[in-house]
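J.: The structure follows.
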Amino acid sequence: MEVITKSNYQEMSLLAAKYLLDTVKGKSDAVIGLPTGSTPLGMYSAVVEEYRKNTISFQNVKTFNLDEYIGLIKTDENSYYNFMNTNLFSHIDIKKENIHIPDGMTGDVKKECTNYENKVRQAGSMDILFLGIGKNGHIGFNEPGDFFEPYTHEVQLKQNTINANSRFFENIHDVPTTAITMGIKTILSAKKIVLLAEGESKAEAVAEMVNGKITPRLPASILQLHDNITVIIDKKAAGNL
């Protein structure tokens with residue numbers, strides 16, 4: 001596990017964007033796994049800025065998002081579909097049919113999980129997958145528990161995750177309590193993983209991920225087993241290393 005500490009969020013974001021851009025420039029039909037949340041916003045902004053310079057095309061790129069809330073329509077301002085469209089997809093030339101995000105409004109969650117898992121497999125191994133990390137060590141929406149859930153599945157969100165995400169909603173009671181997420185084995189199937197973490201609030205989770213025991217109580221700890229992972233953090237997130 002390679003850990004890179006940058007001085008600030010902007011430097012983190014530019015380096016993360018370089019990994020994404022270099023992947024696409026090296027393989028025009030790359031398969032990329034993408035996260036949501038506040039941490040990757042700077043990366044997406046830098047990618048869009050580079051695209052506007054006419055140095056790169058995403059026409060043949062396929063993307064798979066890590067997760068989606070259950071119960072939010074695509075146009076809801078807090079759906080991850082809307083997040084991705086607003087912050088990345090509407091600004092680049094990626095084809096709509098190459099964008100994959102779980103359907104949070106499905107009438108059959110179990111079937112949607114199976115279908116999404118099959119789509120990931122059919123695309124081949126993700127060339128690069130970007131992750132954030134929750135304060136409780138979750139990756140995607142894989143929450144702390146008694147075992148690692150291997151494949152795409154429905155998850156009950158922990159209260160601390162709901163509390164953390166409530167900043168995006170008008171009321172904490174509006175935050176969905178369930179989601180569809182890629183599983184741990186799906187995540188580990190990516191050829192390259194880049195994890196981003198910013199701020200003092202992530203320092204404990206980062207330290208446990210890097211130096212702690214591998215345990216489903218801290219899902220990110222499983223990343224120690226991946227042979228090609230880069231962790232990009234700022235000084236505050238590195239505080240406990």
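Here, each number is a calculation from the coordinates, and none is a lab measurement. Here the structure is a predicted model, which means the values were calculated and not measured. Using ideal geometry, Cβ is built from the backbone for each residue, glycine included, and neighbour counts are taken over all protein chains shown.
J.: For PHE130, enumerate residues with amide H under 5 Å from its amide H, sequence gap 5+ or separate chain, H modeled in the peptide plane.
T.: The list, which skips near neighbours in sequence, is GLY33, LEU34, VAL194.
J.: Quick one: 3J(HN,Hα) in Hz for segment 105-116, Karplus 6.51/-1.76/1.60 with θ = phi - 60°, rounded, Gly and Pro as x.
T.: Per-residue couplings from phi come out as 9, 4, x, 9, 4, 4, 5, 4, 4, 5, 4, 5 Hz.
J.: Quick one: plug the Kirkwood hydrodynamic radius of segment 1-112 (C-alpha pairs) into Stokes-Einstein at 25 °C, 0.890 mPa s, and report D in µm²/s.
T.: D = 164 µm²/s.
J.: Please get the size of the charge dipole for segment 2-226, origin at its Cα centre, with Cβ charges of +1 on Lys and Arg and -1 on Asp and Glu, quoted in debye to the nearest 20.
T.: Result for segment 2-226 is approximately 600 debye, rounded to the nearest 20.
J.: Could you work out the helix-only [θ] at 222 nm for the chain, with each DSSP H run of four or more residues adding -39,500 (n - 2.57) and the total divided by the number of residues, to the nearest 500 deg cm²/dmol?
T.: -9000 deg cm²/dmol
J.: Please state, rounded to one decimal and in Å, the Kirkwood hydrodynamic radius that the chain gives when every pair of distinct Cα atoms enters the mean of 1/r.
T.: 17.9 Å
J.: Suppose the chain between GLU200 and LEU241 were pulled fully straight at 0.36 nm per residue; how much longer would it get relative to their current alpha carbon spacing?
T.: Full-extension gain reported as 13.6 nm.
J.: Okay, next question. Stretch THR215-ILE172 to full length: gain in nm at 0.36 nm per residue minus the Cα-Cα span?
T.: That works out to 12.5 nm of additional length.
J.: Under a cut-off of 25 Å between alpha-carbon atoms, report the lysines in cross-link reach of LYS25, not counting same-chain residues fewer than 8 places apart.
T.: LYS6, LYS53, LYS62, LYS95, LYS96, LYS119, LYS191, LYS192
J.: Shifting gears a bit: What ³J(HN,Hα) values, in whole Hz, does the Karplus curve 6.51 cos²θ - 1.76 cosθ + 1.60 give for segment 186-202 when θ = phi - 60°, with x put for Gly and Pro?
T.: 4, 4, 5, 6, 5, 5, 9, 10, 10, 10, 10, 8, 9, x, 4, 5, 9
J.: Please work out whether segment 33-89 counts as rounded, prolate or oblate from its C-alpha gyration tensor, where a ≥ b ≥ c are the square roots of the eigenvalues and a/c under 1.5 means rounded, while otherwise a/b larger than b/c means prolate and anything else oblate?
T.: Prolate, since a/c reaches 1.5 and a/b exceeds b/c.
J.: Here's something else I'd like to know. Can you give the extra length, in nm with one decimal, that the chain gains between ASN228 and THR75 once fully stretched, where that is 0.36 nm per residue apart less the Cα-Cα distance?
T.: Full extension of this stretch gives 51.5 nm more.
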